[in-house]
Amino acid sequence: MDLSNTARPTSRRARRLAVAAAVATGLLVLNACSGAKVGASAASGGGSSSGKAAACGTFNLADNPWVGYEADVAVVAYLAKTKLGCTVNVKHITEEVSWQGFSTGQVDAILENWGHDDLKKQYITGTHAAEELGSDGMQGVIGWYVPPWMAQKYPDITDWNNLNKYAKLFQTSESGGKGQLLDGDPSYVTNDAALVKNLNLDYKVVEGGSETALIQSFRSAQQNKTPLLAYFYSPQWFFNEVPLVKVNLPKYTAGCDAQATKVACDYPPYSLDKIAATTFANSGSPAYTLVKNFSWTNEDQNTVSKYISVDKLSDDAAAKKFLDAHPELVKAWLVGTGAS
């Protein structure tokens, strides 16, 4: 597997809990053929701590396709370069493909993992190619959302039991006479097709293609008062621009999503965590200690995401602006690295 050299995708995240090795391999082949996503690299390094470069060496960091994750990578990579003297290779790849890189040494760390119990079983308890590094401090939510104007005009639309009553509002040229449920990047983990089927909803899932497409669709729907029902998630800076309203699906209970094709409940709450390659963990690299220490809040991530998405700062500029304003986080993340 070669995870090298592609431009950053403009899309976002996904997760499908039942997608294991075979599908991940398929994604790798597909992406390699299309020339999209698989690979990286924003390689840079040296930093200001040139005397420490040998101690760190190369640091391969997965960057999954949503801007929140990009914000994670921005601050960690910035400190790795400027404080630890690492040569940072940022790999712009999907979630499942990131896990494959642990076995080959092409990915050292994932900073924002959304569940993926199947991949943990395969790569952590199975092959021992990776290990958990604990929470990154953020809480994740996935769900279906409508723009605020719809929740105000149709207050009961936020109850899934009433969605069929409004299906005609959501019909589009792509929904085949049904209501449209707009999803994001096809690589995103989603239970939506199963939910539509198992809840007997008169809807069709239509892929929007990217995080950018979802955001623009919601923005236009709110500005023009047009109907929209779509998959979305937090942490996400866009909620500060348009406070989307979540539709209440049947309550999640432990195990209700165990069988992907039988899912008829809401998404679980996610305590986002970090994963590292076992070889990286045993390398003695100060970058490993940095990743292990890394923890921030949804609000912190949203701040840096906004710098990147709205203010159009480069990743390094966004990271520097945030870190200059939060020396307490820099201090905490560098504990044990030998830098300060």
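Would you confirm whether or not region 54-62 contains a residue that is on the phi > 0 side of the Ramachandran plot, modelled with pLDDT under 95, not aromatic (Phe, Trp, Tyr) and not in a strand (DSSP E or B)? Give the derivation first.
The first filter runs over region 54-62 and keeps only residues on the phi > 0 side of the Ramachandran plot, leaving 57.
Checking which are modelled with pLDDT under 95 leaves us with 57.
Filter once more, so that each one left must be not aromatic (Phe, Trp, Tyr): 57.
Still in the list and also not in a strand (DSSP E or B): 57.
Checking region 54-62: at least one residue is on the phi > 0 side of the Ramachandran plot, modelled with pLDDT under 95, not aromatic (Phe, Trp, Tyr) and not in a strand (DSSP E or B).
Would you please name the residue that is nearest to THR289 (Cα to Cα), looking only at residues in region 91-124 that are assigned to a strand (DSSP E or B) and open to solvent by 10 Å² or more (accessible area, probe 1.4 Å)? So that I can check it myself, show each step before the final result.
Taking region 91-124 first, the residues assigned to a strand (DSSP E or B) are 91-92, 109-113.
Cutting the leftovers down to open to solvent by 10 Å² or more (accessible area, probe 1.4 Å) gives us 91-92.
Values: LYS91: 20, HIS92: 22 Å.
Among them, the one singled out is LYS91.
Specify the residue that is most open to solvent (accessible area, probe 1.4 Å); the eligible residues are those in region 179-204 that are among the aliphatic types (A, V, I, L, M) and under 13 Å from THR261 (Cα atoms).
Going residue by residue through region 179-204, those that are among the aliphatic types (A, V, I, L, M) are 181-182, 189, 193-196, 199, 201.
With the extra rule that they be under 13 Å from THR261 (Cα atoms), the set shrinks to 193-196, 199.
Details: ALA193: 71, ALA194: 18, LEU195: 0, VAL196: 14, LEU199: 18 Å².
Within region 179-204, the match that is most open to solvent (accessible area, probe 1.4 Å) is ALA193.
Of the conditions (1) closer than 23 Å to ASP117 by Cα; (2) modelled with pLDDT under 95; (3) open to solvent by less than 20 Å² (accessible area, probe 1.4 Å), LEU249 fails just one. Which one is it?
(2) is the only condition that LEU249 fails.
If you scan region 250-260, which residues turn out to be over 18 Å from GLY143 (Cβ atoms) and within 22 Å of the chain's Cα centre (by Cα)?
Listed by number, the list holds a single entry, ALA258.
Answer yes or no as to whether VAL263 is open to solvent by less than 10 Å² (accessible area, probe 1.4 Å), under 25 Å from ASN164 (Cα atoms) and more than 15 Å from the chain's Cα centre (by Cα). I'd like the intermediate steps shown before the answer.
On the way: open to solvent by less than 10 Å² (accessible area, probe 1.4 Å): yes; under 25 Å from ASN164 (Cα atoms): yes; more than 15 Å from the chain's Cα centre (by Cα): yes.
Judged against the criteria, VAL263 is a match.
If you scan region 318-340, which residues turn out to be in contact (Cβ under 8 Å) with a residue 24 or more places away in the chain and charged (D, E, K, R)?
Selection gives LYS320 alone.
Residue check, VAL88 against (1) assigned to a helix (DSSP H, G or I); (2) more than 30 Å from LYS197 (Cα to Cα), all met but one. Which one?
Status for VAL88: all satisfied but (1).
Where residues in region 212-226 are open to solvent by 50 Å² or more (accessible area, probe 1.4 Å) and touching a residue at least 60 places away in the same chain (Cβ under 8 Å), which of them is farthest from LYS178 (Cα to Cα)?
Taking region 212-226 as the starting set, the residues that turn out to be open to solvent by 50 Å² or more (accessible area, probe 1.4 Å) are 212, 216, 219, 223-226.
After this cut, where a residue has to be touching a residue at least 60 places away in the same chain (Cβ under 8 Å) as well, the list is 212, 225.
Working: THR212: 24, LYS225: 20 Å.
Restricting to residues being open to solvent by 50 Å² or more (accessible area, probe 1.4 Å) and touching a residue at least 60 places away in the same chain (Cβ under 8 Å), the top hit is THR212.
Just give me the residues in region 199-232 being out of contact with any Lys or Arg (no Cβ under 7 Å at 6 or more places or on another chain) and part of a strand (DSSP E or B), in sequence order. Walk me through how you get there before you give the answer.
As a first pass, look at region 199-232 and keep what is out of contact with any Lys or Arg (no Cβ under 7 Å at 6 or more places or on another chain): 199-201, 205-209, 212-232.
Residues satisfying the conditions are VAL205, VAL206, GLU207, ALA230, TYR231, PHE232.
Would you be able to say whether some residue in region 140-151 is in contact (Cβ under 8 Å) with a residue 60 or more places away in the chain, open to solvent by 30 Å² or more (accessible area, probe 1.4 Å) and out of contact with any Gly (no Cβ under 6 Å at 6 or more places or on another chain)?
Residues of region 140-151 that are in contact (Cβ under 8 Å) with a residue 60 or more places away in the chain, as a first pass: 140-151.
Restricting the remaining residues to those that are open to solvent by 30 Å² or more (accessible area, probe 1.4 Å) gives 141.
Restricting the remaining residues to those that are out of contact with any Gly (no Cβ under 6 Å at 6 or more places or on another chain) gives 141.
Scanning region 140-151, I find at least one residue that is in contact (Cβ under 8 Å) with a residue 60 or more places away in the chain, open to solvent by 30 Å² or more (accessible area, probe 1.4 Å) and out of contact with any Gly (no Cβ under 6 Å at 6 or more places or on another chain), so the answer is yes.
Restricting to region 270-319, name every residue that is β-branched (Val, Ile, Thr) and within 18 Å of PRO235 (Cα to Cα).
Narrowing region 270-319 to residues β-branched (Val, Ile, Thr): 275, 278-279, 289, 291, 297, 303-304, 308, 310.
THR297, THR303, VAL304, ILE308, VAL310 - these are the residues of region 270-319 that are β-branched (Val, Ile, Thr) and within 18 Å of PRO235 (Cα to Cα).
The values are calculated or read from the model by the stated rules, or taken from the named source; none is laboratory data. Just so it is clear, the model here is predicted, and its values are computed rather than measured. All Cβ positions, even for glycine, are placed from backbone atoms using ideal geometry, and neighbour counts span all protein chains on display. These area figures cover heavy atoms from the full protein model, side chains too; ligands, DNA and RNA do not enter into them. Shrake-Rupley method; radii C 1.70, N 1.55, O 1.52, S 1.80 Å.
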